[in-house]
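Read the structure below first, then the notes.
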Amino acid sequence: MEPTELGISGDCKITGQILARIGDKWSVFVIGSLAHRTMRFNELKRRIGGVSQRMLTLTLRGLERDGLVRRTVYPTIPPRVDYDLTPLGRTLVIPLRGIADWAGAHIDEVIASRTAYDSEADAAGEKRAA
């Protein structure tokens, strides 16, 4: 199979898994939050907002598994656990910031397009997936 315009082979399973991980909304928020400093779990949860404890736990585990986040446990009572980006995780900060900047710059256009699409679907009596 030929690579796409971005140079990504369409049949590469691991590439798809990596893109799913770094393209996940919660992963982006975690990486963005940890770009500034090391944080504890509850601090991350408060900073991100809207993420459930379970989803944040799963996201952190996945990012740790992929080598993007480091989890450090300190033997205190109660145990203290810190999360920070690994050097590999830090390489994602600039590309993700670029995507966030793009989203911010084009939010009005996306909203207008969604509104037009939904209005067209309503007029035609269709139910389209969001």
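The values are calculated or read from the model by the stated rules, or taken from the named source; none is laboratory data. Note that the structure is a prediction, hence the values are computed from the model and not measured. Here Cβ is always computed from backbone atoms with ideal geometry, including for glycine, and neighbour counts include all displayed protein chains.
Some notes on this structure:
- Out of LEU92, LEU96, one residue alone is in contact with a strand residue (DSSP E or B) (Cβ under 9 Å, 6 or more places away or on another chain), of a type in the set (A, V, I, L, M) and surrounded by 13 or more Cβ atoms within 10 Å (Cβ to Cβ). It is LEU92.
- Scanning segment 12-71 for residues that are under 14 Å from VAL93 (Cβ atoms) and aliphatic (A, V, I, L, M) yields ILE22, VAL28, VAL30, ILE31, LEU34, ALA35, LEU63, LEU68, VAL69.
- Among residues that are under 25 Å from ILE18 (Cβ atoms), in a helix (DSSP H, G or I) and touching a residue at least 40 places away in the same chain (Cβ under 8 Å), GLY104 is not included.
- Number of positions in segment 69-93 that are modelled with pLDDT of 95 or more and outside any strand (DSSP E or B): 8
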